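*Asks:* First, the structure itself, so that you have it in front of you.
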């Protein structure tokens with residue numbers, strides 16, 4: 001089922017984003033690109049902005065994947081209510097993260113905002129873990145069952 005693979009891929013990209021964000025923060029690169037959404041040089045960043053710009057690009061990609069996961073989850077007939085709730089909370093958190101990330105830059109890394117950004121990221125990550133766990137508990141489709149039985153016969 002596509003929902004399994006989409007939710008798992010989203011979780012993996014989200015983990016990478018948190019890792020990159022931790023590096024940006026620990027290395028003091030949060031304001032290396034002091035404007036939002038683009039760096040002063042526009043779409044193509046200079047070498048000084050590459051890490052922060054990468055973080056922003058991965059964040060936008062992650063947000064789109066989280067929203068796509070929510071859309072597939074809500075459209076699914078077999079997804080349980082808990083999975084739908086977790087994916088909606090994850091999507092809301094993703095939108096909040098992008099917004100809060102922009103505010104963090106505009107407000108020049110205010111400590112309370114940076115902490116809130118981390119906290120909301122943890123909520124997003126935990127909701128995506130729940131979504132993935134639910135996704136892997138969904139019943140297999142007829143096509144997956146046929147493919148699985150062919151693989152065991154061969």
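*Asks:* Do we have any residue at all in the stretch 35-42 that's more than 15 Å from the chain's Cα centre (by Cα), farther than 16 Å from residue 98 by Cβ and part of a loop (DSSP other than H, G, I, E, B)?
*Replies:* For the stretch 35-42, residues more than 15 Å from the chain's Cα centre (by Cα), farther than 16 Å from residue 98 by Cβ and part of a loop (DSSP other than H, G, I, E, B): present.
*Asks:* For residues in the stretch 121-148 being outside any loop (DSSP other than H, G, I, E, B) and over 21 Å from the mean Cα position of the chain (by Cα), which is modelled with the highest pLDDT?
*Replies:* Just the residues of the stretch 121-148 that are outside any loop (DSSP other than H, G, I, E, B), to begin with: 121-135, 142-148.
Subset that is over 21 Å from the mean Cα position of the chain (by Cα): 142-148.
Details: 142: 55, 143: 60, 144: 54, 145: 52, 146: 48, 147: 53, 148: 56.
The extreme case among them is 143.
*Asks:* Could you run through the stretch 68-111 and say how many residues are free of Cβ contacts under 8 Å to residues at least 60 places away in the same chain, closer than 14 Å to residue 36 by Cα and over 19 Å from the mean Cα position of the chain (by Cα)?
*Replies:* The number of residues fulfilling the criteria is 1.
*Asks:* Quick check on the stretch 84-105. Is at least one of its residues modelled with pLDDT under 95, surrounded by 14 or more Cβ atoms within 10 Å (Cβ to Cβ) and part of a loop (DSSP other than H, G, I, E, B)?
*Replies:* No, the stretch 84-105 contains no residue that is modelled with pLDDT under 95, surrounded by 14 or more Cβ atoms within 10 Å (Cβ to Cβ) and part of a loop (DSSP other than H, G, I, E, B).
*Asks:* So which residues in the stretch 1-34 are without any contact (Cβ under 8 Å) to a residue 40 or more places away in the chain, exposed (fewer than 14 other Cβ atoms within 10 Å of the Cβ) and not in a helix (DSSP H, G or I)?
*Replies:* Matches in the stretch 1-34: 27, 28.
The values are calculated or read from the model by the stated rules, or taken from the named source; none is laboratory data. For clarity, every value in this text was computed on a predicted model and none was experimentally measured. When we count neighbours, we look across all protein chains shown, and the Cβ atoms used for this are built from the backbone with ideal geometry, even at glycine.
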